[in-house]
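K.L.:
Before anything else, here's the structure in question.
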Amino acid sequence: MTSPGNHHDELPTNNPHYSLLGSELKLFSDAGFDMDKIHLKRNAPVAQLYEDAVQKEGAVISSTGALINFSGKKTGRSPKDKRIVFEETSKDDVWWGPVNIKMDEHTFEINRERAIDYLNTRDDIYVFDGFAGWDPKYRIKVRVICARAYHALFMHNMLIRPTLEELENFGEPDFIIYNAGQFPANRFTAGMTSTTSVEINFKRREMVILGTEYAGEMKKGVFSVMHYLQPVKFGQLSLHSSANEGPNGDVTLFFGLSGTGKTTLSADPTRHLIGDDEHVWSDTGVFNIEGGCYAKCLGLTQAQEPEIYNAIRFGSILENVAYDKVTREADYSDSSVTENTRCAYPIEAIPNAKIPCIADKPPSNIIFLTCDAYGVLPPVSKLTTEQAQYHFIAGYTSKTPGTETGVTEPSPTFSTCYGQPFIVLHPRRYAQMLAQRMEKHKVDVYLVNTGWTGGKFGVGKRCPLKYTRKIVDAIHDGTLSKAEYEHFDVFNLSVPKHIDGVPDELLNPSNAWADKAAFKQEVNKLAGMFNANFEKFAADVSAEVAAAGPKAA
Ligand code: ATP
Ligand code: MN
């Protein structure tokens with residue numbers, strides 16, 4: 001379909017920044033693109049991507065200037081459809097199994113061809129060239145090729161945007177994403193189990209997406225590539241964490257699974273944001289992999305999370321967020337499309353972001369975030385070196401029961417390295433690198449439960465954000481490193497007796513729970529789940545680390 005505005009809004013073809021010339025174009029024809037037919041828009045300006053998304057994809061401009069877009073049927077990642085190509089250059093490094101499902105090279109070729117054939121049927125093909133990794137020593141050049149302006153704008157926000165000069169001299173990318181998400185995989189192709197396929201080929205340095213338009217697949221695809229390349233090629237440690245920096249240059253890493261608070265707690269008006277989700281702890285410091293943030297929008301309010309709320313403006317993409325048809329105001333309380341409503345914005349939209357997003361020091365504090373819906377873990381505890389290693393490998397959080405299913409029990413999630421879906425190597429390799437770095441730099445490690453307190457889901461309530469922020473402040477101003485601690489049984493944790501601004505009785509769950517018998521039962525139940533989960537890792541760690549887990553009483 002050619003839209004009426006399609007011709008006057010084209011970029012001038014002789015602009016060296018936005019057009020691909022000569023040898024660069026040959027890469028496209030060699031890949032199978034029909035260069036006589038398709039029209040490439042490379043690194044198109046945000047305003048043009050807005051126009052195209054509005055004209056061709058039914059996007060809407062929100063009252064604050066953000067672009068409201070919808071991802072179709074898939075509103076979250078599809079981990080069961082994510083595959084890694086089994087090939088000789090990477091096969092001995094990849095941790096094969098349910099996280100990294102094998103795909104053969106031939107099937108990859110079939111899907112890649114299918115994606116390119118589909119893209120050839122479109123009038124406009126968007127290309128975004130950018131970087132992953134702020135440290136020039138360790139960054140990679142990523143090219144995104146897609147058919148939706150929404151996907152191009154998403155990656156414009158999430159990758160590191162090149163300067164005009166960098167764009168002109170971009171050269172061959174290190175990694176290419178072919179996103180044909182509007183078109184399904186063929187279920188009769190060998191190895192396909194659904195119409196969705198997300199696949200990475202480390203040898204070809206390519207990713208192909210079919211059958212899902214959820215933009216987060218591209219972002220987390222780049223993360224998987226970094227989880228492979230950083231340790232294997234550069235000897236550096238990639239992390240599923242957010243990071244920020246205090247006024248004195250001290251760095252904090254916040255690890256945690258989805259929904260535990262990485263994005264929320266790293267946006268802190270008293271500290272500089274380095275990044276909200278993906279980092280590398282290098283031999284010289286910490287750098288962000290991304291050029292933007294991807295914040296959850298459900299329940300977002302200006303009062304509680306002003307930095308994120310105010311970042312939702314021109315250039316930002318609101319994904320699957322319902323809006324008022326008259327006023328075009330986004331409704332952050334509405335989960336009718338999905339619970340996983342999101343906003344993607346360039347990191348500069350956070351006022352105190354640190355640009356470039358690099359800290360030249362190792363972290364001083366590490367915070368493991370967990371959202372414990374059993375209400376058993378203390379809001380904050382200080383971990384020993386062994387406990388830190390244990391909890392990193394365990395990677396505990398929990399999901400709250402879905403309102404629609406009528407289930408009242410929370411479900412535990414153990415996701416190793418606090419990021420199991422994204423790791424590529426065996427978890428022991430990340431864990432060993434982390435242990436060495438923590439040991440070398442004598443980092444303080446805390447476990448912070450942003451989940452339930454005073455009872456499990458249904459009885460207690462989620463720890464109010466204002467208290468979690470006070471806890472994080474007490475870590476940053478140094479008071480928690482010297483505070484007085486008491487012992488928390490079963491999990492053998494050290495719990496502070498007092499933190500300014502937080503009710504004392506909240507700090508120790510055995511006081512916070514009114515029903516003491518119920519508390520004892522839940523503590524032991526959760527401890528049992530920790531122990532059962534850790535069995536598969538026991539052989540990979542020292543006896544001291546294995547013994548640092550909970551002991552049911
Ligand atoms: P993802 O990996 O999916 O990006 P995330 O770790 O970045 O997840 P956030 O986006 O920070 O998670 O989500 C935390 C959510 O929980 C936010 O919606 C926040 O408002 C809410 N929340 C409620 N109470 C707390 C608390 N005490 N601490 C942190 N977040 C809280
Ligand atoms: Mn996040």
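The values are calculated or read from the model by the stated rules, or taken from the named source; none is laboratory data. Treat the numbers as computed from the prediction; the structure is a model and nothing was measured. Note: ideal-geometry Cβ built from the backbone for every residue, glycine included; neighbour counts use all protein chains shown.
K.L.:
In a strand (DSSP E or B), in contact with a strand residue (DSSP E or B) (Cβ under 9 Å, 6 or more places away or on another chain) and either surrounded by fewer than 19 Cβ atoms within 10 Å (Cβ to Cβ) or not aliphatic (A, V, I, L, M) (or both) - does that describe any residue in region 20-31?
P.N.:
Here is the first cut: in region 20-31, the ones in a strand (DSSP E or B) are none.
Within region 20-31, none of the residues are in a strand (DSSP E or B), in contact with a strand residue (DSSP E or B) (Cβ under 9 Å, 6 or more places away or on another chain) and either surrounded by fewer than 19 Cβ atoms within 10 Å (Cβ to Cβ) or not aliphatic (A, V, I, L, M) (or both).
K.L.:
What residue, of 413, 450, 397, is under 22 Å from residue 478 (Cβ atoms) and in contact with a Ser or Thr (Cβ under 7 Å, 6 or more places away or on another chain)? Please lay out each step first, then the result.
P.N.:
Details: 413 fails: under 22 Å from residue 478 (Cβ atoms); 397 fails: under 22 Å from residue 478 (Cβ atoms).
Selected residue: 450, the only one of 413, 450, 397 that is under 22 Å from residue 478 (Cβ atoms) and in contact with a Ser or Thr (Cβ under 7 Å, 6 or more places away or on another chain).
K.L.:
Name the residue that is nearest to ligand 2 (Cβ to nearest atom), counting only residues in region 248-304 that are among the hydroxyl-bearing types (Ser, Thr, Tyr) and touching a Phe, Trp or Tyr at 6+ places or on another chain (Cβ under 9 Å).
P.N.:
Filtering first and then ranking leaves 263.
K.L.:
What number of residues within region 452-495 are within 16 Å of ligand 2 (Cβ to nearest atom) and of a type outside the set (S, T, N, Q)?
P.N.:
Summing the residues that are within 16 Å of ligand 2 (Cβ to nearest atom) and of a type outside the set (S, T, N, Q) in region 452-495 gives 2.
K.L.:
Scan region 184-191 and tell me whether some residue there is part of a loop (DSSP other than H, G, I, E, B), assigned by TED's automatic domain parsing to the domain that holds residue 108, buried (at least 24 other Cβ atoms within 10 Å of the Cβ) and in contact with a Pro (Cβ under 8 Å, 6 or more places away or on another chain). Break it down into steps so the answer makes sense when it comes.
P.N.:
In the first step, residues of region 184-191 are kept if they are part of a loop (DSSP other than H, G, I, E, B); the result is 184-191.
From what's left, assigned by TED's automatic domain parsing to the domain that holds residue 108: 184-191.
Those still in the list that are buried (at least 24 other Cβ atoms within 10 Å of the Cβ) too: 185.
With the extra rule that they be in contact with a Pro (Cβ under 8 Å, 6 or more places away or on another chain), the set shrinks to none.
No, region 184-191 has no match at all.
K.L.:
So in region 314-340, with the set limited to residues that are aliphatic (A, V, I, L, M) and farther than 24 Å from residue 350 by Cα, which one is modelled with the lowest pLDDT?
P.N.:
337
K.L.:
Sticking with this one: Is it fair to say residue 386 is over 21 Å from residue 522 (Cβ atoms), of a type in the set (D, E, K, R) and in contact (Cβ under 8 Å) with a residue 40 or more places away in the chain?
P.N.:
yes
K.L.:
Filter region 295-309 down to residues that are of a type outside the set (A, V, I, L, M) and surrounded by 14 or more Cβ atoms within 10 Å (Cβ to Cβ) and give me whichever is nearest to residue 347 (Cα to Cα). First the steps, then the outcome.
P.N.:
Here is the first cut: in region 295-309, the ones of a type outside the set (A, V, I, L, M) are 296-297, 299, 301-302, 304-307, 309.
Remaining after also requiring surrounded by 14 or more Cβ atoms within 10 Å (Cβ to Cβ): 296-297, 304-305, 307, 309.
Working: 296: 15, 297: 16, 304: 19, 305: 15, 307: 11, 309: 13 Å.
By that ranking, first place goes to 307.
K.L.:
Among the residues that make up region 310-323, is at least one of them touching a Lys or Arg at 6+ places or on another chain (Cβ under 7 Å), under 30 Å from residue 481 (Cβ atoms), in a strand (DSSP E or B) and within 14 Å of ligand 1 (Cβ to nearest atom)?
P.N.:
So far as region 310-323 goes, no, none of its residues is touching a Lys or Arg at 6+ places or on another chain (Cβ under 7 Å), under 30 Å from residue 481 (Cβ atoms), in a strand (DSSP E or B) and within 14 Å of ligand 1 (Cβ to nearest atom).
K.L.:
Out of curiosity, is residue 338 within 16 Å of ligand 2 (Cβ to nearest atom), touching a residue at least 60 places away in the same chain (Cβ under 8 Å), surrounded by fewer than 23 Cβ atoms within 10 Å (Cβ to Cβ) and polar (S, T, N, Q)?
P.N.:
Here the answer is yes, as residue 338 does meet what is asked.
K.L.:
So which residues in region 483-541 are in contact (Cβ under 8 Å) with a residue 12 or more places away in the chain, of a type in the set (Gly, Ala, Ser) and surrounded by fewer than 16 Cβ atoms within 10 Å (Cβ to Cβ)?
P.N.:
If the condition is that a residue be in contact (Cβ under 8 Å) with a residue 12 or more places away in the chain, of a type in the set (Gly, Ala, Ser) and surrounded by fewer than 16 Cβ atoms within 10 Å (Cβ to Cβ), then 501, 514, 518, 528 are the ones that fit.
K.L.:
Further question on the same structure: Looking at 473, 489, 477 in this structure, which one is within 22 Å of residue 250 (Cα to Cα) and touching a Ser or Thr at 6+ places or on another chain (Cβ under 9 Å)?
P.N.:
473
K.L.:
Also, quick follow-up: Just need a number here: residues in region 32-45 that are surrounded by fewer than 18 Cβ atoms within 10 Å (Cβ to Cβ) and either under 30 Å from the mean Cα position of the chain (by Cα) or not hydrophobic (A, V, I, L, M, F, W, C) (or both).
P.N.:
Qualifying residue count, region 32-45: 6.
K.L.:
For region 455-488, which residues satisfy the criterion of being at pLDDT below 95 and under 21 Å from residue 530 (Cα atoms)?
P.N.:
455, 456, 457
K.L.:
Mind checking which residues of region 151-183 are in contact with an Asp or Glu (Cβ under 6 Å, 6 or more places away or on another chain) and surrounded by 24 or more Cβ atoms within 10 Å (Cβ to Cβ)?
P.N.:
The answer is 158, 181.
K.L.:
Right, something else. Take the conditions in a helix (DSSP H, G or I) and of a type in the set (S, T, N, Q) and apply them to residue 304. Does it pass?
P.N.:
Against the criterion (in a helix (DSSP H, G or I) and of a type in the set (S, T, N, Q)), residue 304 does not qualify.
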